[in-house]
Amino acid sequence: MYPIDIIGIGQGIEDLTQKHLDLIRECDVLIGGKRQIEMFDYPEKQKICIKDHINSIVDAITEKMKSLKIVVLASGDPLFYGIGSTLTQHFDKKYLNIHSNISSVSAAFAAIKEPWHDAKIISLHGKKQESISFSSLAGENKVAFLTDPQMNPQYIALCLIKQGLYDFKFCVLERLGDKDKEKITWFENLSLVSEQSFSQPNIVILQKWVSGKTNLSHETHIGMEDSLFKHSKGLITKSEIRSIALSKLKLIKKDHVLWDIGSGSGSIGIEASFLIPWGQVYTIEKHPARISDIIHNIKNFNCSNVKVLNEAFPAGIEELKSPDRIFIGGGGKNLGQIIEASCNRLVTFGIIVINTVLLQNLEIALTLLKKHNFEPNVVQIQVSRSKRMPFGDRFEALNQVWIISGSKPEVR
């Protein structure tokens, strides 16, 4: 049984070494995409073109490798979103020889003379549109897309416009490696992309505009200073409390849906949004005067996956996605009604966290969570901060806060 040689062509034949060329010349079976196979004029060899159904390719390799030398050609680097990654899932790795080469993304960044160690790479090949979260790109400086004929540069530009992400320069690199047809085009206006047509294959690179303003989205952390948020009359979950409340929410999946009810300044929802970049945060606040603070903070931290609702919860609840996590930071006399509606909509095994400074609301929260078969936990937090005095420092106490949390049980 012969091993399978998987050879990355890089950007073209000129990127192949003599060793690569010898393996291709000596093989019995040459497998690859139509464009790769046509690069080599060996009429005596068996040639198999990779199309849509990889299972037929796997079956053919399995049968022929018993007696024939097989070379599989890959564009770019075989293990970078390539056929090599697929074949490692179907064959024992001891029968695979991977010959790496320059990837299309590294070639693209080299072409525009930009480093890419800090870039986010997204492959759109064969993906469903709903699986790509463009809102999560708000905090990125550089993004590279491997496109396909359906999810193309026009599609990417349209999605950026829908999300309001206008702070990227947009670059389309067409047919890299083909010196006669290679083309690089920059767009400063996203709406102009839809007016163009682009040849395949192509790559899209987004590069954030550089300005004198600090990009806060890359300097964020949990429990940021209260002064970084605009808020009215101290209506903000203090940084120390915020850190503990977020830990109780257990935002372990990047696509969680969170409801932040009675959000005040929006600080909990905003910091949570950094932990769930592919998810959605609904910031719900009934007081119109506080909405401007929330919107200001969202823009300041460049959060595009936070949606603001000026509603007296549970009004408008039908329009919201069912939450994996709920944080209740306000409610006043309507806290009972808020908890009831929240428990009914929270997904099974979802988590609810309630902050309160009132003894009466502590009792209400515990009673209702137990009614819905939660097993609530309570943490009482007392925070004192140091404060400068003329001849030294003293501690100044903040309000005591109770943090009640629980997970929704499975209905039996």
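Brief remarks on what is shown
- Check on residue 313, modelled with pLDDT under 90, buried (at least 19 other Cβ atoms within 10 Å of the Cβ) and not assigned by TED's automatic domain parsing to the domain that holds residue 133: no
- Verdict on residue 192 being out of contact with any Ser or Thr (no Cβ under 6 Å at 6 or more places or on another chain), under 22 Å from residue 126 (Cα atoms), of a type outside the set (Ser, Thr, Tyr) and surrounded by 12 or more Cβ atoms within 10 Å (Cβ to Cβ): no
- Looking only at region 322-336, and only at residues there that are surrounded by fewer than 14 Cβ atoms within 10 Å (Cβ to Cβ) and at negative phi, the one that is farthest from the chain's Cα centre (by Cα): 333
- When region 358-384 is filtered for residues that are closer than 17 Å to residue 226 by Cβ and in contact (Cβ under 8 Å) with a residue 60 or more places away in the chain, the ones remaining, listed by number, are 381, 383.
- If the condition is being in contact with a helix residue (DSSP H, G or I) (Cβ under 8 Å, 6 or more places away or on another chain), crowded, with 20+ Cβ neighbours inside 10 Å and in a strand (DSSP E or B), then region 162-185 contributes 168, 170, 172, 173.
- Unmet criterion (only one of (1) assigned to a loop (DSSP other than H, G, I, E, B); (2) of a type in the set (Gly, Ala, Ser); (3) buried (at least 18 other Cβ atoms within 10 Å of the Cβ)) for residue 234: (3)
- Of all residues making up region 287-306, the number that are under 20 Å from residue 346 (Cβ atoms) and modelled with pLDDT of 90 or more: 1
- Cβ pairs under 6 Å, 6+ apart, first in region 283-294 and of a type in the set (Phe, Trp, Tyr), second surrounded by fewer than 19 Cβ atoms within 10 Å (Cβ to Cβ): none
- Qualifying residue in region 20-38 (condition: in contact with a Gly (Cβ under 9 Å, 6 or more places away or on another chain) and buried (at least 17 other Cβ atoms within 10 Å of the Cβ)): yes
- Residues of region 50-87 satisfying the condition of being farther than 22 Å from residue 11 by Cα and either assigned to a helix (DSSP H, G or I) or touching a Lys or Arg at 6+ places or on another chain (Cβ under 9 Å) (or both): 54, 55, 56, 57, 58, 59, 60, 61, 62, 63, 64
The values are calculated or read from the model by the stated rules, or taken from the named source; none is laboratory data. Remember, predicted model here, so these are calculated numbers, not experimental data. In this analysis, Cβ positions are derived from the backbone assuming ideal geometry, glycine residues included, and neighbour counts consider all displayed protein chains.
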